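A.B. asks: There's a structure below that I have some questions on.
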Amino acid sequence: IVEELVSDLQVVDPTKRHRAIWELGQRGNSATVQPLVNAMVDADSKEKSLILAALSEIGMRSLKPMNRALAIALQDENPEVRKNAIRDLTRVYDLVKSVRC
């Protein structure tokens, strides 16, 4: 169904596109991020807002497990695991910091 929803991003009918955008956000599949970003190029302001909301939902669903994994790794007894967790947390922080406007 995800592939069908991604293909619906290209249809002419705005109602069908809006439904596809909303559904993709609800499913939280990170593989759909790039097609949603690509759809923003030709989107009007309403669709761009819908796409941003969908991307935000996908991001939250992806970041929660990552946050949990990093928290577990930071408490690991192995110093190498903790060091790698700090490195990866720093990378995530740097990415977020670089996106700030």
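The values are calculated or read from the model by the stated rules, or taken from the named source; none is laboratory data. Keep in mind it's a predicted model, so treat the numbers as computed, not measured. Quick reminder, even Gly has a Cβ in these numbers, built from the backbone with ideal geometry, and neighbours come from all protein chains shown. Remember, those area values only see protein heavy atoms, side chains included, never the ligands or the DNA or RNA. Shrake-Rupley method; radii C 1.70, N 1.55, O 1.52, S 1.80 Å.
A.B. asks: Considering (1) open to solvent by 50 Å² or more (accessible area, probe 1.4 Å); (2) of a type outside the set (Lys, Arg); (3) modelled with pLDDT under 95, say which one Ala43 fails and leave the rest.
C.D. replies: Going through the list (1) open to solvent by 50 Å² or more (accessible area, probe 1.4 Å); (2) of a type outside the set (Lys, Arg); (3) modelled with pLDDT under 95, Ala43 breaks only (1).
A.B. asks: Just one of Val37, Val6 is modelled with pLDDT of 95 or more and under 30 Å from Arg87 (Cβ atoms); which is it?
C.D. replies: Going through Val37, Val6 in turn, the sole match is Val37.
A.B. asks: Hey, could you check the range 47-101 for residues that are in a loop (DSSP other than H, G, I, E, B) and either open to solvent by 100 Å² or more (accessible area, probe 1.4 Å) or charged (D, E, K, R) (or both) and say which is modelled with the lowest pLDDT?
C.D. replies: My answer is Cys101.
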